[in-house]
Every structure is written in structure tokens, then in C-alpha cells.
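The values are calculated or read from the model by the stated rules, or taken from the named source; none is laboratory data. Nothing here was measured: the structure is a model prediction, and the numbers come from that model. FYI the Cβ positions are ideal-geometry reconstructions off the backbone, even for glycines, and counts take in every protein chain you see. The protein model used for the area step is the full one, side chains on, heavy atoms only, and it has no ligands, DNA or RNA in it. Shrake-Rupley method; radii C 1.70, N 1.55, O 1.52, S 1.80 Å.
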Amino acid sequence: MIQISNIPLPIDGTTEDLERAAARMLGISSRQIGSFAIARKSIDARKKSNVHYVCTVTFATAQEAALVSKAASRHISLVAPANYAFPPVQRASSLPPVVVGMGPAGLFAALFLARAGVPCILLERGQPVEQREKDIDAFWRGGALSETSNVQFGEGGAGTFSDGKLTTGTHDPRIATVLQTLVAAGAPEDILWQHKPHIGSDLLRGMVARIRTELRSLGCDIRFGHRLGGITLRGGALAGLTVMGSGGTYSLPVDTVVLATGHSARDTVQMLFDAGVPMQAKSFAIGVRIEHLQADISAAQYGAAWHRLPAADYKLACHLPNGRSAFTFCVCPGGQVVAAASEQGHLVTNGMSLRARDGTNCNGGFLVGVSPADFPTEHPLAGIAFQRQWERAAFQLGGSNYAAPVQRVEDFLKSRPSRRVGALTPTYLPGVTPCDLSGCLPSFVAETLRGALPLFGQKLKNFDRPDALLTGVETRSSSPVRILRDETLQSPVRGIYPCGEGAGYAGGIVSAAVDGIRVAEAIAGQA
């Protein structure tokens, strides 16, 4: 198969245009090209007068080696398709593995084990995605917060009510398998080749339900409303679980558990720590959501062509004289800021957008990195205490009713409370309270964000516009804890496999799913 990269394509160009361009580069007719596919597509907006796509394509044709040799271009090469194969199963235990948590890490661990003939028991404290959607909608409309069925907990994990971004900084060969699995579950095929693939929260919900159907067809036992409440150890190894279910508490004999709890299962982490499972505090980030008009962001990124292109995002970072760094994270074009609390009396924000990304506003995390040196103590769970401190402050600052504290950028820069929002209409539900966000941010975080705003405004026009809106507080960019594991992917407490973002080994849907597959491989290979 031949691969050609760096092919320019006009904004209104077609796949047929790409085929013709590839044929010209090889000196053949487009009729000689077979199995043509786009492998990569990104937007080149470095020159606003010439915004275009840049593509990589693959295809088959006759005499491929000779054509590539004759072309003598670094953009033209021979490639072989990469095919993933799950390793042979050597597991001898008669007990089914138990997967705790049905986010991407847990779902993919269970799915790949079940496909290999090792069905699992899945424990999910939350509800199926259909019920979860109803519970979240009721909360956003001013109803009560469910501590077990919310943006953080429930089938699909926190990513189901986000943007469904599939970008990752890793280069694991399993990534292609993750994307292909998602397409088989209903994701659009363009996630296989888009430079910044995304699914959208609306499509993700149906995909999660389809994966559930496959898991059950493969013999998995899925238990919603069941929470891990304790572990039993024997000789330094896992021997059983205590599970708190809808019908009461029960014991479950088990020798293998996948801990894919997500980054918000604080009670579970506390229980594991108390039981002697080794873990350590880790760095994460804290800050706010910043909200702009999507048209402003797209125009700044693409110039006059912005209305002919998908909604634009951004990625910004800087290092300040105070030694701190600020960066943007999880940008949601055409999306909304969402109430993502999972504990009573705590307020957390996140971002979400649908597949179409056609909302009026764009929002992104605007964060500052924090490390264990910033936490109140050296305790392994001190990062959780740090998160809770600022989440409680945000809840109180917003009015103790889950309204979010907000501040206009102009007021934030001048360290004065906002009395109103400006021209930009906030998307956060159930509502917002204009105030001074310094009441729910560490002073060094507020100082760093103030220093970063004008710098980001120089990099991206209108980023620091006076009426842009800051919404607090965002604390759950990643897990504040890492549950230790070794080269076998097990905890020193044998039989426990810490997995995914909540265990400190992933940072998003794709990397969590990849980690789930890696853990499934490790479990299958344990004789």
C-alpha cells in the first residue's frame, strides 16, 4: 500500500480531488488507484489568506515499490496495514474478573476480555446511560444532585458528558483499535482520520449503550447501582470484595479486579488506602472555564473563511515569571459549561458539546498546574482535600444552590467583583452568580491566570476580551492520586489492576481505553 502525506486540499475540495492529486504525484491515472482512503486530515490556517486542508492518503495500485522509488519523495512511502491481535488467553482461574467502573477504561478492559472468552462482572455505582441522562438533566434544571448518577458517575464515565474528544499525546499502537471499536459502536468514520477527532456527547450515549449490549451478549454480568465498599486480602493478595448493591451489602469471591473507578471516586480511593493499597499524590490542575463567542474564536483562528469550516478550537500555554504555568484544556467548540458536581455541597465545572458543535459559545478549561508541594500536607490523599477545599468555596460563593460563580474577564483582571454578565450569555445550568472568583481559587492560581490572560490575548485575538466569562471552579482535570502498579500492571496487592484515568495512568477517552486494553491483555496472560 502507498501512503502520500502533505497533500493540500481546498476547503471545498472532494475525495475525488485528492485521488487525482495523488495520481498526479505518481504519474499514473486516477483509474489505477484502488482501496483509496484518507488517513489524516487537518486544517492549515497559518496564512489566513490561504486556509486549506492538509491530507494524508493511502491506496493500492500496481507496481507500488517501483512507483515509490521513482517518485523519490519523503512524502511518498510504502506502508503495511497494522493489525491488532489480542494475545492468547492463559488465564486458568475459574473466578470471573471483576471490573469496577464503566468508563472507557473499564468498558474496554471488559470488552476485550469478553471477546477473548473471559466474561467479567462489571460493577457500576451509577445508572445506565438512559437513566443517567434523565438524572443529569433534572439536576441542571434545578433539581437535586444524585451522588451516584451524575456527570462523573454512571455508564460511560465522565467522558460521556463531555465533548467526546479523541485526541491523545500517546502513540500506542492500540489507538487504531480503540477508534475502530468506537466506529463499530456507532461513531462517525471520520474519527479514523481527522487530526482532532471528536464524537460529541449526543452520539456517545448511544454508543455506550451498544457496547453494553455486546458485553451482555458475550456473557458479562453488569450490575448497575453496585459500589465497591471493601476488599478482603489474604497473604498480600486479593481474595474478595464487599459490594454495596441496591438490595444490600454482599461478599464477592474474586482474585482479579480492574480498578477503573474514574478520577472522582473519592470514597473508593479512601477505602483502598485504608486497606493498605499503595498510592501516592500526583500533580493535576485547577482553574476555571473561560467562555467566548464561537464566532470570535473561529474568526481569530481562520480569518474570513471561518464560516466555511468546522467550529475552531485552540490550545494555549505560557510560563509566568512567578514560576507557574497556565494552559487551556479540553476546549469545547460550540458547547456549554456544565455542572459536574458529584458530592453534596461541592461545585465543579466541566465542558460539553454535541457532535454538531453548533452552539453560540465556545468554552475551555483555563488552568494552572499544581503539584503535591501545593497541597496542605504530604498525605497521599492531600490532593483530594485540596480539590474539596476549592469546590466547597465555589459552592458557597455561587449561593449554595449549585449556581456557579462567574466573573467577566475585565473585572477579573482588575480584581473587582462582577455585578452582572456582559454581552456573552453564560451556558452553565442551573444558573450563575456574578462575583469575585478569587474567593474560590488559590491566590497563586488567580495571579497566574491574570498574568496569562493578556499573553493569550496576544496569541489569539479576543481571548482576553472584556466580556469573556470565567466560570469557577474546575478541579478535576485529572486524578490527584496514582494507585501504584508494577510491570505486570498489578498493585503490590496482587490481583488488583489499577487502570485508567482515576488510577493515574491516562488522560482522556482514548488513553483510558488503551490502558483498559493493556490491563485486559495482562489479565488474560496470567496463567
query: Taking Cα pairs under 8 Å and at least six residues apart, what relative contact order does the range 300-432 come out at, in percent?
result: 21
message: Show me the ranking of peptides 270-279, 361-370, 82-91, 180-189 by mean Cβ neighbours inside 10 Å, starting with the highest.
response: 361-370, 180-189, 270-279, 82-91
message: Just to confirm my numbers, what's the Cα centroid distance between the range 295-374 and the range 485-506 in Å?
response: 30
Accessible area expressed per residue, the range 25-99, with surrounding protein chains retained (probe 1.4 Å, Å²): 62
statement: log10 I(q)/I(0) for the range 1-127, Debye formula on C-alpha points only (no solvent), q = 0.15, 0.19, 0.21 Å⁻¹, two decimals, reads -0.76, -0.95, -1.11
Phi-based couplings in Hz for the range 154-168 (Karplus 6.51, -1.76, 1.60; Gly and Pro marked x): x, 4, x, x, 5, x, 5, 10, 9, 9, x, 5, 10, 6, 7
task: Whole number in Å², please: accessible area per residue of the range 183-244, 1.4 Å probe, ligands, DNA and RNA not counted.
output: 43
query: Hey, any idea what % of the chain's accessible area is carbon plus sulfur with a 1.4 Å probe?
result: 51
query: At 222 nm, what helix-only mean residue ellipticity would the chain give, in deg cm²/dmol to the nearest 500, using -39500 (n - 2.57) for each DSSP H run of four or more?
result: -8500 deg cm²/dmol
For the chain, fraction of C-alpha pairs farther apart than 38 Å, in %: 32
field: FRET efficiency, ALA275 to GLN90 (Cβ-Cβ, R0 41 Å, nearest 0.05)
entry: 0.90
task: At 15 Å minimum axial length over the Cα atoms and a Kyte-Doolittle cut of 1.0, report the qualifying DSSP H helices in the chain, or say none.
output: 104-115, 509-524
query: What ranking do 144-155, 62-73 get when scored by the average of other Cβ atoms within 10 Å per residue, highest first?
result: 144-155, 62-73
- prompt: Once phi is turned into θ = phi - 60°, what whole-Hz ³J(HN,Hα) does the Karplus curve with 6.51, -1.76 and 1.60 give for every residue of the range 313-327, x standing for Gly and Pro?
  reply: 10, 7, 8, 10, 7, 7, 10, 9, x, 6, x, 9, 10, 10, 7
Computed log₁₀ I(q)/I(0) - Debye formula, equal Cα scatterers, no solvent, the range 21-93, q 0.18, 0.21, 0.24 Å⁻¹: -0.84, -1.01, -1.17
message: I need the peptides 421-433, 287-299 ranked by packing, meaning the mean over residues of other C-beta atoms within 10 angstrom, with the highest value on top.
response: 287-299, 421-433
message: Over the Cα atoms of the range 446-527, what radius of gyration and what Dmax do you get, in Å?
response: 19.7, 62
field: Residues with amide H under 5 Å from that of VAL432, placed H, sequence gap 5 or more
entry: ALA404
message: Around ALA394, under 13 Å between beta carbons, what's the net of Lys plus Arg minus Asp minus Glu among the other residues?
response: 0
- request: Send over a whole-number figure in Å² for the accessible area per residue of the range 357-455, probe 1.4 Å.
  value: 40
